[in-house]
1. Just to be sure I understand the filter: pairs with C-beta atoms under 9 Å, separated by 6 or more residues or on different chains, first member in region 196-210 and closer than 12 Å to Cys111 by Cα and buried (at least 18 other Cβ atoms within 10 Å of the Cβ), second member modelled with pLDDT under 95 and of a type in the set (Lys, Arg). Which pairs pass?
2. Only one of (1) in a strand (DSSP E or B); (2) crowded, with 16+ Cβ neighbours inside 10 Å; (3) out of contact with any Phe, Trp or Tyr (no Cβ under 6 Å at 6 or more places or on another chain) fails for Ala8. Which number is that?
3. Return yes when Leu97 is under 30 Å from Arg203 (Cβ atoms), touching a residue at least 40 places away in the same chain (Cβ under 8 Å), in contact with a Cys (Cβ under 9 Å, 6 or more places away or on another chain) and surrounded by 14 or more Cβ atoms within 10 Å (Cβ to Cβ) and no when it is not.
4. Name the single residue that is nearest to Asp165 (Cα to Cα) among those in region 101-129 being of a type in the set (A, V, I, L, M), within 19 Å of the chain's Cα centre (by Cα) and assigned to a helix (DSSP H, G or I).
5. Please work out if Ala25 is surrounded by 16 or more Cβ atoms within 10 Å (Cβ to Cβ) and closer than 18 Å to Arg181 by Cα.
6. Going residue by residue through region 48-71, is there one that turns out to be surrounded by fewer than 15 Cβ atoms within 10 Å (Cβ to Cβ), in contact (Cβ under 8 Å) with a residue 60 or more places away in the chain and out of contact with any His (no Cβ under 9 Å at 6 or more places or on another chain)?
7. Given Leu125, Leu176, which one is more than 15 Å from Leu97 (Cβ to Cβ), modelled with pLDDT of 95 or more and either charged (D, E, K, R) or in contact with a strand residue (DSSP E or B) (Cβ under 9 Å, 6 or more places away or on another chain) (or both)?
8. I'm trying to understand the selection: among the residues of region 131-151, which are without any contact (Cβ under 8 Å) to a residue 12 or more places away in the chain, surrounded by fewer than 13 Cβ atoms within 10 Å (Cβ to Cβ) and assigned to a loop (DSSP other than H, G, I, E, B)?
Amino acid sequence: MLQSVHDAVRRLVAIGRGFHARGWALGTSGNFSAVVSRRPLELAITASGVAKGNLQPSHILRCDARGNVIGRTALKPSAETRLHLEVVRLRQAGAVLHTHSVWSTILSDACASDRGLAIEGYEMLKGLQGISSHEHREWVPIIENDQDMPRLARQVALTLRQHEDVHGFLLRRHGLYTWGRTLDEAERHVEILEFLLEVEGRRHGRLENP
């Protein structure tokens, strides 16, 4: 069931502030969206260049299926709106969340030559939608970052078609994208994947302990 625009805005603000507090969306990094209409497709999405620690309802915009803003505002939607739209289209997602944590940034670079990393054997994997065993092997693809958003969106679409069972992907030296049928599910996927990325990073000594 889709959320109302009001509820989506309220939840996106809370999620953005919460992720900032946990170090997953510092400064103006990160972008978050929720589907508020399917026909026609409409997203509530964070504006570009706003600090997530002070996210306000006025920073959440409405966009159509082409990423164009609905209504009057001086703000612009996230530069990565096209990526959200591809995920929504190919995964029938109800929400897409993008974080910029230290661990996702480190591992997206350290494992780039493998074009992804495998995470398996952890109980926390059972928090991902459809996963019922710690023996699950989750593949997290890594995509080269690109400032050409149409081209990057095409690469995201290609990756999602090649890996139909993934719950998220990494942009190299950039961060994590994940999604869910609802905002609650997408938020849970961020928590699960960020936890697992930190575990993998620490286990392999990607960063010295403080």
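1. That search, which allows pairs on different chains as well, returns Glu200/Arg206.
2. Answer for Ala8: the failing condition is (1).
3. Details: under 30 Å from Arg203 (Cβ atoms): yes; touching a residue at least 40 places away in the same chain (Cβ under 8 Å): yes; in contact with a Cys (Cβ under 9 Å, 6 or more places away or on another chain): no; surrounded by 14 or more Cβ atoms within 10 Å (Cβ to Cβ): yes.
Spelling it out, it is not the case that Leu97 is under 30 Å from Arg203 (Cβ atoms), touching a residue at least 40 places away in the same chain (Cβ under 8 Å), in contact with a Cys (Cβ under 9 Å, 6 or more places away or on another chain) and surrounded by 14 or more Cβ atoms within 10 Å (Cβ to Cβ).
4. In the first step, residues of region 101-129 are kept if they are of a type in the set (A, V, I, L, M); the result is 102, 106-107, 110, 112, 117-119, 124-125, 128.
Checking the rest, the ones that are also within 19 Å of the chain's Cα centre (by Cα) come to 102, 106-107, 112, 117-119, 124-125, 128.
Filter once more, so that each one left must be assigned to a helix (DSSP H, G or I): 102, 106-107, 112, 124-125.
Working: Val102: 25, Ile106: 24, Leu107: 20, Ala112: 20, Met124: 17, Leu125: 13 Å.
Result: Leu125.
5. On the way: surrounded by 16 or more Cβ atoms within 10 Å (Cβ to Cβ): yes; closer than 18 Å to Arg181 by Cα: no.
The answer is no for Ala25.
6. The answer is no, given that none of the residues of region 48-71 is surrounded by fewer than 15 Cβ atoms within 10 Å (Cβ to Cβ), in contact (Cβ under 8 Å) with a residue 60 or more places away in the chain and out of contact with any His (no Cβ under 9 Å at 6 or more places or on another chain).
7. Working: Leu176 fails: more than 15 Å from Leu97 (Cβ to Cβ).
Leu125 is the lone residue from the list that is more than 15 Å from Leu97 (Cβ to Cβ), modelled with pLDDT of 95 or more and either charged (D, E, K, R) or in contact with a strand residue (DSSP E or B) (Cβ under 9 Å, 6 or more places away or on another chain) (or both).
8. Ser132, Ser133, Gln147, Asp148
The values are calculated or read from the model by the stated rules, or taken from the named source; none is laboratory data. It should be emphasised that the depicted structure is a prediction, and the values quoted were computed from it without experimental measurement. As a convention, Cβ positions derive from the backbone with ideal geometry for all residues, glycine included, and neighbour counts pool all protein chains shown.
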